[in-house]
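The values are calculated or read from the model by the stated rules, or taken from the named source; none is laboratory data. Since we're looking at a predicted model, the values are computed, not measured. Glycine gets a Cβ as well: all are built from the backbone with ideal geometry, and neighbour counts include every protein chain shown. Areas reflect the complete protein model, heavy atoms only, side chains present, ligands, DNA and RNA absent. Shrake-Rupley method; radii C 1.70, N 1.55, O 1.52, S 1.80 Å.
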Amino acid sequence: MTGSPSPATTVASAAAPHSDAPPVRVRELTRRFGDFVAVDAVSFSVDRGEIFGFLGPNGAGKTTTIKMLTGLLSPSAGEGWVAGLDIRHERPAIRQRIGYMSQKFSLYPDLTVGENIELFAGLYGVAGDALDIRRAWILEMAELGDDVRRLTGALPLGFKQRLALGTAVIHEPPILFLDEPTSGVDPVARRRFWDLIDGFAAAGRTIFVSTHYMEEAEYCHRLALMNRGRLIALDTPRGLREAEGLRAAGTPGTHPSSGLPSLEDVFVALVQREGGARSG
Amino acid sequence: MSGPRSGSTVGRVRALVRKEMRQLFRDPKTKRIIFVSPIIQLLLFGYAVNTDVRQVPTQVVDHDRTAVSRSLVEAMTASDYFRVVGTSDDPGTIGEALDRGDAVVGLRIPPGFAADVAGGRTGRVQILVDGSNSNTATVAQGYAQRIVNRFAQRTAEDRRLLPTGGIELRARAWFNPSLESRVYNVPAVCGVIVLLMSLLLTAMGVVREREMGTLDQLLVSPLAPRELMLGKTLPVAAIALVQLGIVIAVALLWFGIPLRGSVLLLLAASALFILAGLSVGLLISTVSRTQQEAFLTMFLFILPAIILSGFLYPIETMPEIFQTLTLANPLRHYLEVVRGVFLKGAGSTDLLVQLGVLGSMAVGGLLTASWRFRRMLG
Amino acid sequence: MIHPTRLRAMARKEWIQLRRDPRSMVLAFALPLLLLVFFGYAITWDVENIEIALVDHDRTPTTRQLVVALEASRLFRVTHRPDSEQAADRLLTRGDVKGALVIPAGFTADLLGQRTAPLQLLVDGSDANTATIALNYAEAIVGRFGRNVVLRGRTLRLPVEPEVRIWYNPTLASRNMIVPGLIAVIMSIIAAMLTALTIAREWERGTMEQLASTPVSRLEVVLGKLLPYLLIGLFDVAVTVAAGMVLFDTPLNGSVIELAVLTLLFLTGALGLGIFISAAVKSQVLATQIAMVATYLPAVLLSGFLFDIASMPPFLQGVTYLIPARYFVTVTRGIFLKGVGLEVLWPQALFMAVFAVVGLGLATRVFRKELSA
């Protein structure tokens, strides 16, 4: 971060309404589509200020879980709380307290940067001086200067992504859901993006992020590994690697060199033990 | 700054409406679709949808070639109804012309026609009609008979074959004295165009957001499903009303269709009708995942909706079951209002039933759509 | 060069995709039947049972006979008997009746006294077509009735009598006009929608480039796309013809083989045009919409299917010469109702052949251009 105040510091002191409750907690959360069980009795809890990574092959159930937490899908069974609020019955109250950014770039390409910002400000009830402050903050954060009249569709992908992040937090939500936010972005832009995420977490926000980039997983405080709709491991990155290292040590010839296995090795080993990724 | 901010419904809907308007008016293609295509459609439909029978191509074979036979041919062609495309002595030319479609009516005057008339016998005129277009054939046949009968009547009176007197039928066509089908069809075309556009804009508008993934972004915000529906439909309703204004202006100024009733009544009925149409568009958007599917579903809806509306085809002559089906069609009721107001100058008391039905369809449609919408989003 | 193996592979792929897409299947098979039922059953212009109001100020046996004569024609049916013209006016404005017959007091006395007896018939002219037919019939019926009363039982041979013969469709049933024309409309929809759907989809998914990288030639791609739809089209025509004959008793007076050959010709052109559109715009949504506007609407409005071309303004009549469906409607009506064949329909056949060549040419050309660019 440079000498100017970090963008994240302006969003400090974002407090959850029930600050004693964990920002995200699910118990036996399940979602079926017909006979297909997309998410199978998953339970976990996320702490405040944590970057919680959601890792797994395609079709593992990551997006479905995030959609249930953000109110885009109803659970088939189990329970969940976001900001201490029930995801089945208190969706409207939850919506004001979360930000969401999906793998699909989801701002309007045919609106200008300024118009997109105004739209989401209007939806979240950010108006007047607050809007001016937030607009300036988003433009700075996304490194867009003050050119609000550019068509969003014409921006390079990295800029779009940061703009999307900016609008997702325009109402300064205490909890942020990011569903594969950096897919398709080049490594430099991805790195910058994660700097921002780090800043948010440092300011007390809770970040719930899914990814399939292994190097991104390293940024997370804790990782949940999903495969075939089930949660197969949950630990810090280091914890996961150590556990796998211990296991491998017992199996002669697997990791001949000293040191811990990489996260990628851990991931592959865990998924293979589970019986392979689900196709589709 | 702790605790969530809370905006108002009005604020959220306003933000969404502004966004919709910006999107609609940014794209020049969309702008053209909204404002130019209704005019083109009206001109095309207004001229093409025409059941008037005039200038029917007629092949004449006159074997008699007398003053009497010529005056009969004259009587036929003096009207606007028949146009001679060929004259010949060869009776086969009628068959050929009808087979090729060059003529629709053949008029054959046999030899000795004038002599029969003069000699107190009956001169028989053959009128051959191509029945393959049953509508044209029915009307042309009626005109031809009428002209020949009048000719006979006059001849009989001239020759004092008939006592004087008889019935004089003073026929008057109300609401459309010159009996032009355009006066009947153009106002209806206005209704069809507005239905098409409001369906297209709503169904496609919602489905496009879903395809692009922006719908999810809206749904995780505090925007309630009802507010989303409102924000999506208000701009379309406004645009549809503007379009209606445009096509009505073209109908009045270009086609010279008279508007005898109250504009206010027309607007009120149109608003109800547009709401009913919008809710169908919303319903289509809840069953379609892609714009392609939405378009096809719309097509499958609009086709029977037009056929069963009385737009082109009279409802009274349909089989019972289809007549019953038309009652569920908002277009049917709206067309009765439009035609009533335009042609008959009908007032709200005359159209109470139609207005009531349209109103309940609008309310019922919107409730169903909002229920389906919530289910789709939930 | 056309290689049979590759062509077969292309056509089979197309068929499999089609079979797995429910909406395309609906379009291909359910839509023709739906159209046939709706157009065939619901559309009739056969005018009968026009409801009228009767205001009889005369009330004599003669006026009662006049009403009987009118009702006997099955054209009119007296449903209301209001006391005054004003009441009849209201019925007309509300649309409760489509006409009103006003018999003035003294009508019978005038008629029997060999004076002119005026009779007033008001018809709701808003539906000009029905009104025209009604007025023509009413005049004939009333005229005959008046003559018979005046002649008091004597018979009179009128000096001139029309002898009307209706060719090709003696009962003047609307169905006989609609079923053959419908074939042209159905073919237009099949051609436009299906090609727009399937070919634009290949562009959208990028599979077209994939195809282009194989040894398949442009013509093979186009023909491979064409063949399944030609078969579907022919199948639909067969279904429509059979349903028309069974359900609606539409006669097929001409040759089935000529109908099939000319249908293939039309379909080839229409499919070529559809392929051209979808290859040119490369978006399913846009292609469908353009195809609808470019083929379906003209086929319904400007082909003479429902609306007589001769009654259109000259400019629009000129436009119809550019609409392939115009020629095809002439062909189907000719074969079905008139029982004529190529000896009469060769100009239409010639035009459709030109259209087919142009359609195929455009399609192959746009492929070459897009894929080698």
What is the one condition in (1) open to solvent by 20 Å² or more (accessible area, probe 1.4 Å); (2) within 12 Å of chain B (Cβ to nearest Cβ) that C:Thr60 does not satisfy? (2)
Sole miss for A:Leu157 among (1) surrounded by fewer than 19 Cβ atoms within 10 Å (Cβ to Cβ); (2) more than 21 Å from the chain's Cα centre (by Cα); (3) more than 8 Å from every other protein chain (Cβ to nearest Cβ) is condition (2)
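Which of the residues spanning the range B:122-133 are buried (at least 18 other Cβ atoms within 10 Å of the Cβ) and over 30 Å from C:Asn176 (Cβ atoms)? Full working, then the answer.
Kept after step one, since they are buried (at least 18 other Cβ atoms within 10 Å of the Cβ), are these residues of the range B:122-133: B:123, B:125, B:127-133.
Residue satisfying the conditions is B:Gly123 alone.
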Any idea which residue in the range C:122-175 is farthest from the chain's Cα centre (by Cα), counting only those that are facing chain B (nearest Cβ under 7 Å) and polar (S, T, N, Q)? C:Asn136
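For (1) at the interface with chain C (Cβ under 7 Å from one of its Cβ atoms); (2) more than 17 Å from B:Ala103 (Cα to Cα); (3) modelled with pLDDT under 85, each residue gets a yes or a no:
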{"site": "B:Gln126", "(1), (2), (3)": "yes, no, no"}
{"site": "B:Ser132", "(1), (2), (3)": "yes, no, yes"}
{"site": "B:Tyr143", "(1), (2), (3)": "yes, no, no"}
{"site": "B:Leu161", "(1), (2), (3)": "yes, yes, yes"}
{"site": "B:Glu168", "(1), (2), (3)": "yes, yes, yes"}
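Can you name the residue in the range B:312-348 that is hydroxyl-bearing (Ser, Thr, Tyr) and within 14 Å of the chain's Cα centre (by Cα) and, of all such residues, is nearest to B:Val250 (Cα to Cα)? Lay out the reasoning, then the answer.
Kept after step one, since they are hydroxyl-bearing (Ser, Thr, Tyr), are these residues of the range B:312-348: B:313, B:317, B:324, B:326, B:334, B:348.
Right, trim to within 14 Å of the chain's Cα centre (by Cα) and you get B:313, B:334.
On the way: B:Tyr313: 24, B:Tyr334: 19 Å.
The extreme case among them is B:Tyr334.
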The range C:66-119: number of residues that are of a type outside the set (Lys, Arg) and part of a helix (DSSP H, G or I): 21
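Give the range B:28-41 a look and list any residue that's modelled with pLDDT under 90 and either in contact with a Ser or Thr (Cβ under 6 Å, 6 or more places away or on another chain) or in a helix (DSSP H, G or I) (or both), or say none.
So in the range B:28-41, the residues modelled with pLDDT under 90 come out as B:28-38, B:40-41.
Of everything in the range B:28-41, those that are modelled with pLDDT under 90 and either in contact with a Ser or Thr (Cβ under 6 Å, 6 or more places away or on another chain) or in a helix (DSSP H, G or I) (or both) turn out to be B:Pro28, B:Lys29, B:Thr30, B:Lys31, B:Arg32, B:Ile33, B:Ile34, B:Phe35, B:Ser37, B:Pro38, B:Ile40, B:Gln41.
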Among (1) crowded, with 24+ Cβ neighbours inside 10 Å; (2) within 13 Å of chain C (Cβ to nearest Cβ); (3) in contact with a Ser or Thr (Cβ under 8 Å, 6 or more places away or on another chain) - the single one B:Val194 does not satisfy: (2)
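Yes or no, residue by residue, for (1) more than 7 Å from chain C (Cβ to nearest Cβ); (2) over 29 Å from C:Leu337 (Cα atoms); (3) open to solvent by 10 Å² or more (accessible area, probe 1.4 Å); (4) assigned to a strand (DSSP E or B):
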site: B:Gly120; (1), (2), (3), (4): yes, yes, yes, no
site: B:Asn135; (1), (2), (3), (4): no, no, no, no
site: B:Asn149; (1), (2), (3), (4): no, yes, yes, no
site: B:Arg154; (1), (2), (3), (4): yes, yes, yes, no
site: B:Val186; (1), (2), (3), (4): yes, yes, no, no
site: B:Cys190; (1), (2), (3), (4): yes, yes, no, no
Among the residues in the range B:75-82, are any in a strand (DSSP E or B) and closer than 23 Å to C:Val160 by Cβ? yes
With respect to B:Ala173, determine if the residue is under 27 Å from the mean Cα position of the chain (by Cα), within 30 Å of C:Gly95 (Cα to Cα) and facing another protein chain (nearest Cβ under 7 Å). yes
With the condition kept exactly as written, say whether any residue in the range C:161-174 is closer than 30 Å to B:Val125 by Cβ, open to solvent by less than 10 Å² (accessible area, probe 1.4 Å) and in contact (Cβ under 8 Å) with a residue 60 or more places away in the chain. yes
Taking the criterion of being assigned to a helix (DSSP H, G or I), within 14 Å of another protein chain (Cβ to nearest Cβ), in contact with an Asp or Glu (Cβ under 8 Å, 6 or more places away or on another chain) and open to solvent by less than 20 Å² (accessible area, probe 1.4 Å), would at least one residue in the range B:223-232 satisfy it? yes
Residues of the range B:108-118 being open to solvent by 10 Å² or more (accessible area, probe 1.4 Å) and either at the interface with chain C (Cβ under 9 Å from one of its Cβ atoms) or not in a helix (DSSP H, G or I) (or both), which ones? B:Arg108, B:Pro110, B:Pro111, B:Gly112, B:Asp116, B:Ala118
Tell me yes or no: at least one residue of the range A:72-83 is at pLDDT 90 or above, farther than 26 Å from A:Ser183 by Cα, among the acidic types (Asp, Glu) and surrounded by fewer than 23 Cβ atoms within 10 Å (Cβ to Cβ). yes
If C:Ala72 passes every condition in (1) without any contact (Cβ under 8 Å) to a residue 24 or more places away in the chain; (2) surrounded by 15 or more Cβ atoms within 10 Å (Cβ to Cβ) but one, which one does it miss? (2)
